[in-house]
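Engineer: The structure follows.
The values are calculated or read from the model by the stated rules, or taken from the named source; none is laboratory data. As the structure is a prediction and not an experimental result, all values here were calculated from the model. Here the Cβ is made from the backbone with ideal geometry for all residues, glycine too, and neighbour counts use every protein chain on show.
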Amino acid sequence: MRVSPTSTRRKMADTMRKKISLIAQKIGEAGKNVLFTGAGISTESGIPDYRSKGGIWDKFRPIYFDEFMSSREARVEYWRRKAELYQDVVHAKPNPAHMSLFRLYEMGLLEAIITQNIDGLHQESGIPDDRVIELHGSNRRVRCMNCGRVTSIHEAQERVERGDLAPECECGGYLKPDTISFGQAMPEREMQRATELSRTCDFFMVVGSTLLVQPAALMPNYAKQGDAFLAIVNLSETPYDEMCDVLIRGKAGEVLPQIVDTI
Ligand code: NAD
């Protein structure tokens, strides 16, 4: 017997609807719902991810924290790259996936978002700062590596544009966008809060992450160990695909609005 392409398509649509309904039902049960987001939630806002084809690692070798601290040349190169990405940061707007999570927050169904993203788009969607745990910092801030003073990226960027290629603080410390570089310690408070939320939540959903970056990628594991329902919405494979309760291979900006509409 030949299976027609139309009936295969219909079956796939039916499976997708069932998965979306199940996720919506779990979120609607109003337990502790935790979202975990990665670069993939922001690609539809025009910010490239790192590991997809054409992503940032196809273009640049990462600059390690030690190199930043020990070499002016590395700092100049770091700021040059930031300048290239700055336009993305300034112009990016939350897309339907971010807005769906904001709707969840408004419905009282979002405990917190743990994000690996550094683009600030969850806060820009309207979700308050204290509900967004930034594991890898934010591109919108700059931190002095000596005195710890935090300032806005715009100020530092203006200095770079005026020819101050590796800006320094008044105290003489190096200014660095407030993001976690390779080889730099993770922020302790954020890691603790994320770990606690992951271990104790009822529902945990990953959106747009390869789940390859450690230690952030431990979070879904903690959630599963704590008996949470684990859902993944991602375009490519992750190491957790086998162990999750629902896997949707789809675009965040298309899938998330459907989930929230179904609740
Ligand atoms: P990643 O680049 O490793 O993986 C992104 C994943 O998202 C991929 O599996 C890809 O298939 C998927 N994806 C891409 N577009 C999607 C879409 N529209 N819908 C659903 N899935 C989609 O990202 P990661 O796991 O977050 O790790 C990368 C690291 O890079 C993070 O630590 C983060 O700090 C940083 N980063 C952040 C940004 C940002 O803030 N927007 C951008 C690039 C990288």
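Engineer: Within the stretch 99-114, identify whether any single residue is within 10 Å of the ligand (Cβ to nearest atom) and outside the structural domain of residue 166 (by TED's automatic domain parsing), and answer yes or no.
Structural biologist: No, the stretch 99-114 contains no residue that is within 10 Å of the ligand (Cβ to nearest atom) and outside the structural domain of residue 166 (by TED's automatic domain parsing).
Engineer: From the list 222, 240, pick out the single residue that is more than 17 Å from residue 42 (Cβ to Cβ) and out of contact with any Leu (no Cβ under 8 Å at 6 or more places or on another chain).
Structural biologist: On the way: 240 fails: out of contact with any Leu (no Cβ under 8 Å at 6 or more places or on another chain).
On inspection, the qualifying residue turns out to be 222.
Engineer: Another question, then. Out of 164, 202, 119, report the one residue that is charged (D, E, K, R), surrounded by 13 or more Cβ atoms within 10 Å (Cβ to Cβ) and modelled with pLDDT under 95.
Structural biologist: 119
Engineer: Can you tell me which residues in the stretch 117-137 are more than 13 Å from the ligand (Cβ to nearest atom) and either touching a Gly at 6+ places or on another chain (Cβ under 8 Å) or among the basic types (Lys, Arg) (or both)?
Structural biologist: Selection gives 131 alone.
Engineer: Something else: Quick one: how many residues across the stretch 30-53 are surrounded by fewer than 19 Cβ atoms within 10 Å (Cβ to Cβ) and in contact with an Asp or Glu (Cβ under 7 Å, 6 or more places away or on another chain)?
Structural biologist: 3
Engineer: Step by step: first the residues of the stretch 232-244, then only those that are over 16 Å from the mean Cα position of the chain (by Cα) and within 16 Å of the ligand (Cβ to nearest atom), then the one that is farthest from residue 200 (Cα to Cα). Which residue is that?
Structural biologist: 237
Engineer: Name the single residue that is nearest to the ligand (Cβ to nearest atom) among those in the stretch 157-172 being touching a residue at least 24 places away in the same chain (Cβ under 8 Å) and closer than 15 Å to residue 80 by Cβ.
Structural biologist: Per the criteria, the residue is 157.
Engineer: Looking at 197, 211, 175, can you tell me which residue is in the same structural domain as residue 40 (by TED's automatic domain parsing), touching a residue at least 24 places away in the same chain (Cβ under 8 Å) and either outside any helix (DSSP H, G or I) or within 13 Å of the ligand (Cβ to nearest atom) (or both)?
Structural biologist: It is 211.
Engineer: Exactly one of (1) within 8 Å of the ligand (Cβ to nearest atom); (2) modelled with pLDDT of 75 or more is unmet by residue 51. Its number?
Structural biologist: Result: residue 51 passes all but (2).
Engineer: Can residue 127 be described as under 18 Å from the mean Cα position of the chain (by Cα) and not in a loop (DSSP other than H, G, I, E, B)?
Structural biologist: no
Engineer: Is there any pair with a first residue in the stretch 48-72 that is at positive phi and a second that is modelled with pLDDT of 70 or more and crowded, with 16+ Cβ neighbours inside 10 Å whose Cβ atoms are under 9 Å apart and which are 6 or more apart or on different chains, and what are they?
Structural biologist: Every condition considered, the pairs that remain are 54/48.
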